[in-house]
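What follows is a set of notes on a single structure, which appears directly below.
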Amino acid sequence: MYRHTRLALKGALLLSCSCLPVPGLADEKDELALVMRQLDQVQASLARARALGVRSTDDGRFYFDYVRAGQDIQAMKQGISQYLEPSRAQPRDTATVAGRYRQERAQ
């Protein structure tokens, strides 16, 4: 009887473990949400670095383009947001269709 109880407990343990989500295999949306949070952190770090760079007296030949880096991060965030929450198709603008196809010839 002890053996059967032990086997039943092992079976129950295996069954319960197989029902748990694997922490290493998050779905795509969770990973992209994590990327969005990380991009927010990168933006905050860039803002701090930019503030420190303004105070710096180093007039070297090269400089870091904080504006362009911020624009690139914003473009990545916008693309991920559009992928995660796509908007429905918008109705087309009917004003762009002229509708008048018969014209008089010039004499």
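A short reminder: the numbers here are calculations on the coordinates, not readings from a lab. Keep in mind the model is a prediction, meaning the values are calculated, not measured. Every residue, glycine among them, receives a Cβ derived from its backbone with ideal geometry; neighbour counts consider all protein chains shown.
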Estimated FRET transfer efficiency (SER45, ASP65; beta-carbon r; R0 22 Å; 0.05): 0.90
Between GLN78 and ALA106, what is the spin-label point distance in nm, taking each point 7 Å from the Cα along the Cα→C-beta axis? 4.3
Phi to ³J(HN,Hα) by Karplus 6.51 cos²θ - 1.76 cosθ + 1.60 over region 38-50, Hz, x for Gly, Pro: 5, 5, 4, 5, 5, 4, 5, 5, 5, 5, 5, 5, 5
So what J values fall out for region 73-83 if you push phi through Karplus, 6.51 cos²θ - 1.76 cosθ + 1.60 with θ = phi - 60°, rounded to Hz, Gly and Pro as x? 5, 5, 5, 5, 5, 5, x, 5, 4, 5, 6
